[in-house]
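Quick notes on the structure that follows.
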Amino acid sequence: MTEFILQLEDTGARLDRYLAQELPDLSRSRIQQLIEQGNVQLNGKVCTTKKINVKAGDRIILEIPEVQPLELQAEDIPLDILYEDEQLLILNKPAGLVVHPAPGHPDGTLVNALLAHCPHLPGIGGVQRPGIVHRLDKDTTGAIAIAKTDIAYQSLQAQLQAKTARREYLGVVYGAPKTASGSVDLPIGRHPQDRKKMAVVPIEKGGRSAITHWQVLERLGNYTLILFQLETGRTHQIRVHSAKIGHPIVGDPIYSSGHSVGVNLTGQALHAWRLKLQHPISEDWIEVTAPPPQTLTTLLEVLRRRVAMSS
């Protein structure tokens, strides 16, 4: 339990900002979470609003709950490691591997594999999602960063929120975009009818800002290889935006139904190709490229042969 008594110069600060200033080891979002969960008392009363202003003489008591025992089991699942040190880990995730436990996927996830690889991971970032700062869909392959310490977790989350971390994807889409590049700035939220899907949803109806930049890398007849860059990181963002502009991702079982490419794919043709971020301690830039899976390479070879044969 941590207790604070404000000094005169602290008058007028907002509660969450004051605590963030006094506790640099905790992120602002973590402090706001503690407030919302009733772990902060202001002058003897539980305070659940972050927006209240504190004044000189106020007494603040902050309780940080102990991390609950992790019920997840470590599993010996092979990991394709692209970069690792004491602070973070960057992996090349295969198709079919769920990132964290969820209904229908209680085990056999990336988190289970990480617990076997990193014994000190439990508790970093949450009981059910230790170390996970961003995610990839089950059938999306490629680079994903994992925090191995609290400092790394806070740093990576801050970089994602500030949009300084750069995430680039390779994707094969149906059709041929008319322009060589573009951006999609459309909010994304849960589909109003099908709760398992995401959709373009107005912000006033619950959608969240979502921005995707894209650039044509190679035109392959009625298919196109595109480089996507994420400015935000909403669930299914690239898949939803691609489908919305009329060029869904090849092999996407949710957003490109009715399309067929005639090649056996293990998932949608979407790969997190390059990840660039700052090291949490040294602040040096780290740039990692994840080799595409064989299925994506084969798909491109088949499409190129078809183009060559038709020309």
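In region 13-31, how many are in contact with a Lys or Arg (Cβ under 7 Å, 6 or more places away or on another chain) and either at pLDDT below 85 or not in a helix (DSSP H, G or I) (or both)? Looking only at that region, the number is 2. Scanning region 228-267 for residues that are closer than 17 Å to Lys138 by Cα and not in a loop (DSSP other than H, G, I, E, B) yields Gln237, Ile238, Arg239, Val240, Ile249.
One residue is enough: does region 260-280 have a residue meeting the conditions out of contact with any strand residue (DSSP E or B) (no Cβ under 9 Å at 6 or more places or on another chain) and either hydrophobic (A, V, I, L, M, F, W, C) or closer than 21 Å to Ile144 by Cβ (or both)? Even if it seems obvious, please write down each step before you answer.
Of region 260-280, the ones out of contact with any strand residue (DSSP E or B) (no Cβ under 9 Å at 6 or more places or on another chain) are 260, 262-265.
Next, from what is left, pick out any that are either hydrophobic (A, V, I, L, M, F, W, C) or closer than 21 Å to Ile144 by Cβ (or both): 263, 265.
Yes, some residue in region 260-280 is out of contact with any strand residue (DSSP E or B) (no Cβ under 9 Å at 6 or more places or on another chain) and either hydrophobic (A, V, I, L, M, F, W, C) or closer than 21 Å to Ile144 by Cβ (or both).
Check Gly267, Gly262, Gly251 and return the single one that is in the same structural domain as Glu86 (by TED's automatic domain parsing), out of contact with any Lys or Arg (no Cβ under 8 Å at 6 or more places or on another chain) and crowded, with 16+ Cβ neighbours inside 10 Å. Give the steps one after another, and end with the answer.
Details: Gly267 fails: out of contact with any Lys or Arg (no Cβ under 8 Å at 6 or more places or on another chain); Gly262 fails: crowded, with 16+ Cβ neighbours inside 10 Å.
Only one candidate qualifies: Gly251.
This table checks each residue for (1) within 28 Å of Pro280 (Cα to Cα); (2) touching a Lys or Arg at 6+ places or on another chain (Cβ under 7 Å); (3) assigned by TED's automatic domain parsing to the domain that holds Arg28; (4) modelled with pLDDT of 90 or more.
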residue	(1), (2), (3), (4)
Pro119	yes, no, no, no
Pro122	yes, no, no, no
Ala147	yes, no, no, yes
Ser155	yes, no, no, yes
Glu168	yes, yes, no, yes
Ile188	no, yes, no, yes
Lys205	no, no, no, no
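The set of residues in region 207-227 being modelled with pLDDT under 95, assigned to a strand (DSSP E or B) and of a type in the set (S, T, N, Q) is empty. Within the option set Lys55, Lys45, Lys50, being basic (Lys, Arg), more than 30 Å from Lys196 (Cα to Cα) and in contact with an Asp or Glu (Cβ under 6 Å, 6 or more places away or on another chain) holds for one residue only, Lys50.
Is it the case that region 151-163 has a residue that's more than 18 Å from the chain's Cα centre (by Cα) and surrounded by 22 or more Cβ atoms within 10 Å (Cβ to Cβ)?
First pass over region 151-163, keeping only residues more than 18 Å from the chain's Cα centre (by Cα): none.
Looking through region 151-163, none of the residues is more than 18 Å from the chain's Cα centre (by Cα) and surrounded by 22 or more Cβ atoms within 10 Å (Cβ to Cβ).
Quick one: in region 237-274, which of the residues that are more than 20 Å from Gly96 (Cα to Cα) and modelled with pLDDT of 80 or more is nearest to the chain's Cα centre (by Cα)? Residue satisfying both the conditions and the ranking: His241. The criterion of being more than 22 Å from Gly207 (Cβ to Cβ) and touching a strand residue (DSSP E or B) at 6+ places or on another chain (Cβ under 8 Å) does not hold for Leu186. Quick check on Tyr174: is it among the hydroxyl-bearing types (Ser, Thr, Tyr) and surrounded by fewer than 18 Cβ atoms within 10 Å (Cβ to Cβ)? No; evaluated as a whole, the condition is false for this residue. Scanning region 270-293 for residues that are assigned to a loop (DSSP other than H, G, I, E, B) and surrounded by 17 or more Cβ atoms within 10 Å (Cβ to Cβ) returns Pro280, Ala290, Pro292, Pro293.
The values are calculated or read from the model by the stated rules, or taken from the named source; none is laboratory data. Keep in mind that this is a model prediction, so the values were computed, not measured. Every residue, glycine among them, receives a Cβ derived from its backbone with ideal geometry; neighbour counts consider all protein chains shown.
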